[in-house]
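Chemist: One structure is given below, represented as structure tokens, and several questions about it will come after.
Just so it is clear, none of the values below were taken in a lab; they were calculated from the coordinates. This is a predicted model, so every value here is computed, not measured. As a convention, Cβ positions derive from the backbone with ideal geometry for all residues, glycine included, and neighbour counts pool all protein chains shown.
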Amino acid sequence: MFKKILIANRGEIALRVICACKELGIRAVAIYSEADRNSLHVRFADEAICIGPPQLAQSYLNIPAVISAAEIANVDAIHPGYGLLAENANFAEVAEACNIKFIGPPPEVTRLMGEKEKARAAMKKAGVPILPGSEGILGSDGEALEWARQVGFPVIIKASAGGGGRGMRIVRSEEELPALFQAAQSEAAAAFGNGDLYMEKFVERPRHIEFQVLADQYGQVVSLGERECSIQRRHQKLLEESPSTHVTPELREQIGQVLCKTLSEIGYVNAGTIEFLMDEDRRMYFIEMNTRIQVEHPVTEMVTDVDLVKSQILLAAGARMDEVLQGPIVHRGHAIECRINAEHPEKFTPSAGKITAFHPPGGTGVRVDTAAYEQGTIPPYYDSLIAKLIVRGKDRNEAVSRMARALEMFIIEGVYTTIPLQRRILADADFRAGRVDTTFIEKLLRRPNG
Ligand code: MV4
């Protein structure tokens, strides 16, 4: 087992990994930028190393600085958290060249899933349902037009190096295709240094549903069921829940089985998330895979009682799935998470500054994952997530009532937050009835605030 792990992250996820290390009896080493000297991840780690100035490129994204810290602290492994370097195959390779275990999949698997067109082809080959679309990278707008005629409009053009909503264009007719193709290509080339594009049939009003898996180094893969993540605004998730009101036990079993078989064949290791779109006929289609722990992982932890971060560490150290899980996966009750972000309610811009009052809710079935505290600051350089509020109930109704009261009792002053918007979501009749898709927030925001 590892004796010492470096956490290549900050904020609530760095604290979350520290919790896992403490419970496993592993020493945790924090890294921090000059803006994070007074952060809780520094305070609760066993050791902490300053790696540079506040700017991401000079600190948390500076691979030589992070690796040097790991060498100086003499760690056995690096946990990357989410975002930052978590899906950077080069970083994983450098770590392993230094004899430091990267807590994630083998670099070639990270690279495969990072190229969205290749990931799509690999899933198709293994029998995971994908949307009708192009095969291989689109060579020209002429080739794109041929595929679009075959697939039928509307289609969506996506950047192979993109993901998470960047570099996409919806195309509704032949006439507009050439211009949108060129625009997507230049945007992708500028944003990702790679202009490769592919095409899919466009799904109107989809639901975003993702499956959580765990995989060991010996080909054992298990599914921990799905999370419903349709409540998003500008590709930022606001609320996630599990189970989805639209996934039947049969569908969960069917998708889970094909995913486990596929990921075993691919040689996947680590926690992982497979994103699907569900159409209005409740058919599910693979869109992308994330090879890291996700922000919303607690929703799955609450319904399965599996500690996903401890599992990641044990699996990376070479433990077998049956040792990690010690029994079958059982789903109990319903969980909901609200991502509380520091942002202005109308402008949607990050709201950095000092937190002048902070009182998180508690009580039965309530969990708060946060690195925030009263008189602490939200630095302007990073992600604006302040806290994740997670509740569990015996069923969806109890989870909804519990989340509504917990949001009512969450006091954060000094910065604007998404809490008022989340209170509106919880009060909404469509949400309460489970009628959610990716157009939910648009519709809510068009209605007068009552
Ligand atoms: C789509 C789609 C409709 N059809 N693909 C946006 C994020 C990225 N991960 C994939 N996205 C979408 N892909 C096809 N073929 C609609 C979206 C989409 C979306 C997906 C999930 C959650 C919110 C969304 C908001 C707008 C568009």
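Chemist: Which FRET efficiency, nearest 0.05, do Glu413 and Ala183 yield, Cβ-Cβ r, R0 35 Å? Let's see the in-between values first.
Modeler: Working: r = 43 Å, r/R0 = 1.22.
So, using R0 = 35 Å, E works out to roughly 0.25.
Chemist: How far is it, in nm, from the label point at Glu71 to the one at Arg233 when both lie 7 Å from their Cα along the line to the Cβ?
Modeler: So the label points at Glu71 and Arg233 sit 4.6 nm apart.
Chemist: Across the range 118-125, in residue order, what do the Karplus-derived ³J(HN,Hα) couplings come to in whole Hz, using 6.51 cos²θ - 1.76 cosθ + 1.60 with θ = phi - 60° and x for Gly and Pro?
Modeler: Each residue of the range 118-125 in turn: 5, 4, 4, 5, 5, 5, 4, 4 Hz.
Chemist: Which trypsin sites (Lys or Arg not before Pro) from the range 289-371 combine a DSSP loop assignment with at most 14 other Cβ atoms within 10 Å?
Modeler: Arg320, Arg332, Lys347
Chemist: Oh, and also: Roughly speaking, what is the stretch gain from Arg320 to Thr356, that is 0.36 nm per residue apart minus the C-alpha to C-alpha distance, in nm to one decimal?
Modeler: Working: separation 36, 0.36 × 36 = 12.96 nm, distance 4.64 nm.
Here the answer is 8.3 nm.
Chemist: Taking the Cα centre of the range 207-446 as origin, work out the dipole magnitude from +1 charges on Lys and Arg Cβ and -1 charges on Asp and Glu Cβ, in debye rounded to 20. Kindly include the intermediate steps, with their values, before the conclusion.
Modeler: Working: 29 positive and 34 negative charges, 115 e Å.
Dipole magnitude for the range 207-446 comes out near 560 debye.
Chemist: Which of Arg227, Arg149 comes first, and how do the rest follow, when ranked by fewest Cβ neighbours within 10 Å?
Modeler: Details: Arg227 27, Arg149 12.
With the fewest neighbours first, Arg227, Arg149 line up as Arg149, Arg227.
Chemist: Tell me which of Pro64, Ala14, Val75 sits at the most positive position along the dipole axis of the range 4-103, charges placed on C-beta atoms (Lys, Arg +1; Asp, Glu -1).
Modeler: Ala14
Chemist: Between Lys347 and Ala429, with labels modelled 7 Å along Cα→Cβ, what's the label distance in nm to one decimal, could you check?
Modeler: Label at Lys347, label at Ala429, 3.6 nm between them.
Chemist: With each run of n ≥ 4 DSSP H residues scored as -39500 (n - 2.57), what mean residue ellipticity at 222 nm is computed for the chain after dividing by its residue count and rounding to the nearest 500 deg cm²/dmol?
Modeler: Values: 16 runs with 158 residues, N = 450.
Using -39500 (n - 2.57) per qualifying helix, the result is -10500 deg cm²/dmol.
Chemist: Quick check for me: using +1 on Lys/Arg Cβ and -1 on Asp/Glu Cβ, what's the dipole size of the range 1-86 about its Cα centre, in debye to the nearest 20? Don't jump to the answer; show the numbers that get you there.
Modeler: Details: 8 positive and 8 negative charges, 28 e Å.
Computed about the Cα centre, the dipole is about 140 debye.
Chemist: Also: Determine, for Thr291, Thr245, the number of other Cβ atoms within 10 Å of each Cβ, and report the residues in order from fewest to most.
Modeler: Values: Thr291 24, Thr245 13.
Ranked by crowding around the Cβ, least crowded first: Thr245, Thr291.
Chemist: Once label points are set 7 Å from the Cα along Cα→Cβ at both Arg405 and Glu442, what is their separation, rounded to one decimal in nm?
Modeler: Going from the Arg405 label point to the Glu442 one covers 3.6 nm.
Chemist: Additional query: Give me the Debye-computed log₁₀ of I(q)/I(0) at q = 0.17 Å⁻¹ for the range 4-103, equal point scatterers on Cα only, no solvent, two decimals.
Modeler: With no solvent term, the Cα-only Debye profile gives -0.64.
Chemist: Note down the relative contact order for the chain as a percent, whole number, built from C-alpha pairs under 8 angstrom at least six residues apart.
Modeler: On the way: 949 pairs, mean separation 61.4, N = 450.
Taking the mean separation of contacting Cα pairs over the length of the chain, I get 14 percent.
Chemist: Using Cα springs under 10 Å in a Gaussian network model of the chain, which residue among Gln236, Gln326, Gln150 shows the largest mean-square fluctuation?
Modeler: Of the options given, Gln326 has the highest mean-square fluctuation.
Chemist: If you don't mind, another one. For a 19 Å ceiling on Cα separation, which of these pairs sit above it: Lys118/Lys310; Lys22/Lys388; Lys158/Lys201; Lys118/Lys237; Lys158/Lys388; Lys101/Lys388?
Modeler: Working: Lys118/Lys310 30 Å; Lys22/Lys388 21 Å; Lys158/Lys201 11 Å; Lys118/Lys237 25 Å; Lys158/Lys388 30 Å; Lys101/Lys388 29 Å.
Distance filter (> 19 Å) returns Lys118/Lys310; Lys22/Lys388; Lys118/Lys237; Lys158/Lys388; Lys101/Lys388.
Chemist: Show me the GluC sites (Glu not before Pro) within the range 178-283 that DSSP assigns to loop and that have at most 11 other Cβ atoms within 10 Å of their Cβ.
Modeler: Working: sites: Glu187, Glu200, Glu204, Glu210, Glu226, Glu228, Glu240, Glu241, Glu250, Glu253, Glu265, Glu275, Glu280; in loops: Glu204, Glu280.
Answer by residue number: Glu204, Glu280.
Chemist: Could you tell me which trypsin sites (Lys or Arg not before Pro) in the range 1-65 are loop residues by DSSP with no more than 12 other beta carbons within 10 angstrom of their beta carbon?
Modeler: Lys3, Arg37
Chemist: Sticking with this one: Go ahead and set up a Gaussian network model of the chain, Cα springs under 10 Å, then flag whichever of Ile355, Ile411, Ile13 fluctuates most.
Modeler: Result: Ile411 has the largest fluctuation of those listed.
Chemist: Where does the chain land on Rg/Rh, using Cα atoms and the Kirkwood Rh? Spell out each step's value before the answer.
Modeler: On the way: Rg = 21.6 Å, Rh = 22.7 Å.
So for the chain, dividing Rg by the Kirkwood Rh gives 0.95.
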